[in-house]
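Notes follow the structure.
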Amino acid sequence: MKLLLQLFFLLFCTAAFAQKKTYLIVGTYTSGKSEGVYVYQFDTKKAQGKLIDSAKSSNPSFIALAPGNKTVYAVNENADSTDKNGGAVSAFSFDKKSGKLHFINTQPSGGSNPCYVTADKTGKWLFTGNYSSGNFSLFPLNANGSIETAKNNIQHFGKGPNTERQEGPHVHGTFLTNDNKFLLVPDLGIDKVMIYNFDASTGVLTEGKEPFIQLPAGTGPRHLAFDPAQKHLYLVQELTGTIAAFTFANGKATLFQTISTLPADYKGSMGSADIHVSPDGKFLYASNRGEANNLAIYAIDPGTGILKLTGHQSTMGKTPRNFNFDPTGNYLLAANQNSDNIVIFKIDHRTGLLTETGKQIYVPNPVCIKWIVE
């Protein structure tokens, strides 16, 4: 009976999305042939994309969507000659009927090489994490989606044992909990995930009761994901190719597992990048760059949250950064930055394993993918 209900749900979702326009928004690096942010209309029946529009922007490597998906925000991952400033964040309005982007405005990010951006649940605030300068900024947003000058800029301090990668703080993400009450900021350079209380009515950030999650030295925390119930937190660590799993409640995290993202016989360089829980909450995926160029796939124990590695899937390209699930939950799309392709995989909802569909979307230097449904 349970299996029949799950099949009915999947069929219902697929049919519902098939009647609407589904858009894939792609952030890129513009050091190659890319011009900026790209928009593709995605056919959820045929699993293929069609280019609709692009907007010129400098290194819009990571993007975020405002509530209602009427505004697209993109970092401009740049730095000036001092490597202390030069970064920016830009806003684009999005027309769901035509799929067109229109530039609104841009603001300095408050640091160098911003690599992550997040809009809060109210649509009134925007967070941008600056990698090279090790800080993050909070911006007020106007009703038309435009970005005001930064209200706050918080600087991290410290370093780690990896002298090449951890010579100082390196903010790698700004993640809000679903209740909009906590901001979690992984810092690769200091091996911490900083925890801040967030008041969405005032835009005030304060140090959490547990101000940070301390990770083992040299692990390099990068991105994180929650399960649908927000009970379990999964953190991918770039420099050691591992995932740290925590219970999470009221701003407090408790470690219960650490597991590798790589095959046991892997001898290449480390480069874990992104991490996501499947929409049904049954599986966890993490991307590996370096020589691995794959996705690690885990089954999640529904009670304990414990991960069990079930396999690895080549991303059929080089340097997979971000990846994401299409709105039907039937496909996983992996963005391969250095082979200029987004590869489309079919998801087995029973095992979580992936099958290559044979279909790709060719995008110059793709880094981040998001979805908008009309």
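Read-outs throughout are calculated quantities, based only on the coordinates presented, and are distinct from any laboratory measurement. It should be emphasised that the depicted structure is a prediction, and the values quoted were computed from it without experimental measurement. Heads up, the Cβs are rebuilt from the backbone with ideal geometry, glycines too, and the neighbour counts pull from every protein chain shown.
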query: For the pair residue 310 and residue 249, how long in nm is the line joining their label points, each one 7 Å along Cα→Cβ?
result: 2.8 nm
message: Using a Gaussian network model on the chain with a 10 Å cutoff between Cα atoms, which of 336, 294, 105 fluctuates the most?
response: 105
message: For 300, 104, which order do you get if you count the other beta carbons within 10 Å of each Cβ and list the fewest first?
response: 104, 300
message: Using each residue's phi in the range 80-90, evaluate 6.51 cos²θ - 1.76 cosθ + 1.60 at θ = phi - 60° and report the 3J(HN,Hα) Karplus result to the nearest Hz, with x for Gly and Pro.
response: 8, 5, 8, 6, 10, 9, x, x, 8, 9, 10
field: Extension gain, residue 351 back to residue 70 (0.36 nm per residue minus Cα-Cα distance, nm)
entry: 97.6 nm
- prompt: Rounded to the nearest 20 Debye, what is the dipole magnitude of the chain about its Cα centre when Lys and Arg each give +1 and Asp and Glu each give -1 at the C-beta?
  reply: 860 debye
- request: For the range 102-107, take each phi angle, set θ = phi - 60°, evaluate the Karplus expression 6.51 cos²θ - 1.76 cosθ + 1.60, and give the result in whole Hz per residue in order, putting x for glycine and proline.
  value: 9, 4, 9, 6, 9, 9
- line: Rounded to whole angstrom, the alpha-carbon centroid of the range 160-207 lies from that of the range 219-249 at a distance of 13 Å
query: Given H placed on each backbone N at 1.01 Å, which residues far from residue 62 in sequence or on other chains put an amide H within less than 5 Å of it?
result: 75
statement: Nearest-0.05 FRET efficiency for residue 373 and residue 93 at R0 = 22 Å, using Cβ-Cβ distance, is 0.80
Extension reserve of the residue 56-residue 181 stretch, reckoned as 0.36 nm per residue once the Cα distance is removed: 41.6 nm
- prompt: Could the peptides 85-91, 311-317 be put in order, highest first, of the mean number of other beta-carbon atoms found within 10 Å of their residues?
  reply: 85-91, 311-317
field: For residue 29, residues with placed amide H under 5 Å, excluding near neighbours
entry: 367
